[in-house]
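Every number here is computed from the coordinates shown, using simple stated rules; none is lab data. Computed from a prediction, not measured in an experiment: that's the story for all the values here. Note: ideal-geometry Cβ built from the backbone for every residue, glycine included; neighbour counts use all protein chains shown.
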Number of protein chains: 2
Amino acid sequence: MQGSDDRIEDETDLVQTYLAPLAAGAPGAFGLRDDAALISPEPGTGIVVSSDPIIAGVHFFAGDAAADFAWKALAVNASDMAAKGATPFGYILTLALPEAPTRDWMQSFSAGLRQAQESFGCHLLGGDTDRTPGPLTIGVTMMGSVPAGKFVPRHSARSGDHVFVTGTIGDAALGLALRKIPAAFDDVLSEEQRAFALGRYLRPRPRIGLAEALRNHASAALDVSDGLLKDLRRLAGGSGMSLELGSVPVSSAVSAALTHDENLASLVLAGGDDYEILAAVPPNAVAGFKQGAEEAGIAVTRLGILEEGSPLEVRDLNGRFLDLQRLGYDHFA
Amino acid sequence: MQGSDDRIEDETDLVQTYLAPLAAGAPGAFGLRDDAALISPEPGTGIVVSSDPIIAGVHFFAGDAAADFAWKALAVNASDMAAKGATPFGYILTLALPEAPTRDWMQSFSAGLRQAQESFGCHLLGGDTDRTPGPLTIGVTMMGSVPAGKFVPRHSARSGDHVFVTGTIGDAALGLALRKIPAAFDDVLSEEQRAFALGRYLRPRPRIGLAEALRNHASAALDVSDGLLKDLRRLAGGSGMSLELGSVPVSSAVSAALTHDENLASLVLAGGDDYEILAAVPPNAVAGFKQGAEEAGIAVTRLGILEEGSPLEVRDLNGRFLDLQRLGYDHFA
């Protein structure tokens, strides 16, 4: 009998023991025994595809639990699906491993994948494992379905559209700050607030449930992965918007941090990894969008209205304009 | 004006200057300006997906021309498409770069991608670029189309099926040996033979043209990427076959090497990276398969007939049985 800390040298063992169970229920995955997967799309369905790999030391801490970064690898890609109005159904996984993994590690890693795929509604369809002289690299290519003509682009917002954001912003950046300096905000945040922010960084929850409201009502959308201002600028395209920092939805944790030090506005304006969704909604679709979000149980907050020919401006909590260029946000093209 | 050896620090510049032109002609790629790609499958079409990343120092020599390993990154995946009877139409590219690339490098890399995608008939659809503390890693997820019900599985060969292989076997392994020891076979191979073997390693040519014959006539197929015996064992499943080394098609280069040293049979039996195709064809489909291959201009050679309950046996050039277990081939499950 093999112990739980021995290493899995054989690729077939690794794939069939730990990964193939994640493909059960997807006939086109062929039990991960073929060289490719087969997708049989329903007529009238578009397939949405995106791929964001995550790399140890770049996108996650190598010492984290494998279940956590396995979750994250799927979450960051499922978030793109949701923002495009698509429903994820499957993913291709490519693992570049710096050493043969232990059974404990693969157990944790595959458990994280299972939690994520059950939460997001998708299956493992295929992939590849390799050894690498570099850091652990987890490649995920996710696929989702969208009714024909309902894909939600990034760049089709129009002047006059209302801009909404889901959930709260800045939590993951606060969580990352706490990971880097565990003693930070010791006298500012409660234990619960700390745990909340750390959890938002470690296990982002993509807004899968918003896909239907987006494809029915939004003119454009993207997920907030690179920071609110950067992603807002992408969404706005040629238009601008007047954003009040006070109107950005924040958690009690981020609110406490902001009250402590208003320079922490950067958490809200430039912090990444929240995996909330920014959407542009035409005026006559606002009511339907809000109702759809409510039915999905997802809080949405209106940030402003896009105006052609206007700049992107931000007022701080005291109503003063922030100098975005001086703060470096102007380069976030 | 920027010189050709300055480095591209800006991701948008890199993507829009060097990669977006490769997406022209694919409307669902949105000029690489969205977070995801959209595929709109024809009714009655299945989508075949596979992903084999290549890593510097593992799958290619880091010092090779970027155009060459860019070609290889697409070729190894297009080979899987062909083996499954699918016609490649697009790919997702994820680049993990150890440093900001120079313009020269990106020019060469994108030129290699263009040569490959024009040769294989596909477009760049989307992807991602990241920095990595590790080696250059090129992730490709390729997608192809196959008429519904025509996917060619790996594991559905039947006893009595004839086994065919395309092209010649062992060339890439010989090329790799020449890369590692340039002075090898100095008095055995002509300059042309050396160049041929090196080219087969550096720029594999997937058998795209065989896809139609495979889906119309083969019961099972896979590409020869991990070595003939290993892949033959996968194809044979529960059956066996008697293989004569002399019946394996080889180039004049490999033939010269074998004549020089018959231990080089390992080039033919275990050398990888040929990206030829092994196919099982039912007896009543053999004529059609051969005709289809001929029409595609692809040489195919019959290796033997699968027999249920028989072992996989190999006879050397003198008719003697090779001891596969002693040679280590038995572990190639």
Along Cα→Cβ at 7 Å, what distances in nm separate the B:Asp323 label point from those on the other copies, shortest first?
8.2
List the distances, in nm to one decimal, from the label point of A:His260 to the label points of the same position in every other copy, shortest first, placing each label point 7 Å from Cα along the Cα-to-Cβ direction.
7.0
Rank A:Ser108, A:Ser310, A:Ser159 by mean-square fluctuation in a GNM of chain A with C-alpha springs under 10 angstrom and give only the top-ranked residue.
A:Ser310
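Pop the C-beta distance of A:Glu294 and B:Gln325 into the FRET formula with R0 = 56 Å and round what comes out to the nearest 0.05.
Details: r = 67 Å, r/R0 = 1.19.
That pair, A:Glu294 with B:Gln325, gives E of 0.25.
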If each residue's Cβ is checked for other Cβ atoms within 10 Å, how do B:Ile181, B:Ile92, B:Ile54 rank with the fewest at the top?
B:Ile181, B:Ile54, B:Ile92
Expected output is a single nm value to one decimal: the length gained when fully extending between A:Phe61 and A:Val286, i.e. 0.36 nm times separation in residues minus the C-alpha distance. What is it?
77.0 nm
Using alpha carbons only, how many degrees (0 to 90, rounded to 10) separate the axis of helix B:171-180 from the longest principal axis of chain B?
60 degrees
Mind telling me which of B:Glu212, B:Glu262, B:Glu244 comes out most flexible in a GNM of chain B, alpha-carbon contacts under 10 Å?
B:Glu262
With springs only between Cα atoms under 10 Å, which of A:Gly28, A:Gly319, A:Gly238 fluctuates most in a Gaussian network model of chain A?
A:Gly319
Within 10 Å of each Cβ in A:83-96, how many Cβ atoms from other chains are there, averaged over the peptide?
3
Which chain A residue comes nearest the axis with its C-beta when you rotate A onto B, and by how many angstrom?
A:Gly134, 1
How big is the gap, in Å, between the Cα center of segment B:15-35 and the Cα center of segment A:235-251?
28 Å
Order of A:His260, A:His162 under a 10 Å beta carbon neighbour criterion, fewest first
A:His260, A:His162
How tilted is helix A:286-295 with respect to the longest principal axis of chain A? Cα atoms for both, answer in degrees (0 to 90, nearest 10).
40 degrees
Hey, what angle do you get for helix A:66-83 against the long axis of chain A, alpha-carbon based, 0 to 90 degrees rounded to 10?
50 degrees
Sorted from shortest, what are the nm distances separating the label point of A:Glu42 from equivalent points in the other copies, each placed 7 Å from Cα along Cα to C-beta?
2.3
Based on the Cα coordinates of segment B:162-323, what is the per residue volume of their convex hull in Å³?
103 Å³
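Could you compute the net charge surrounding A:Met241? Neighbours are other residues with a C-beta less than 9 Å from the C-beta of A:Met241; K and R count +1, D and E count -1.
Working: positive: none; negative: A:Glu307, A:Glu313.
Taking every other residue near A:Met241 into account, the sum is -2.
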Determine the relative contact order of chain B: mean sequence separation of Cα pairs under 8 Å and six or more apart, normalised by residue count, in whole percent.
22 percent
Roughly speaking, what is the centre-to-centre gap between segment B:76-150 and segment B:289-310 when only Cα atoms are used, to the nearest Å?
29 Å
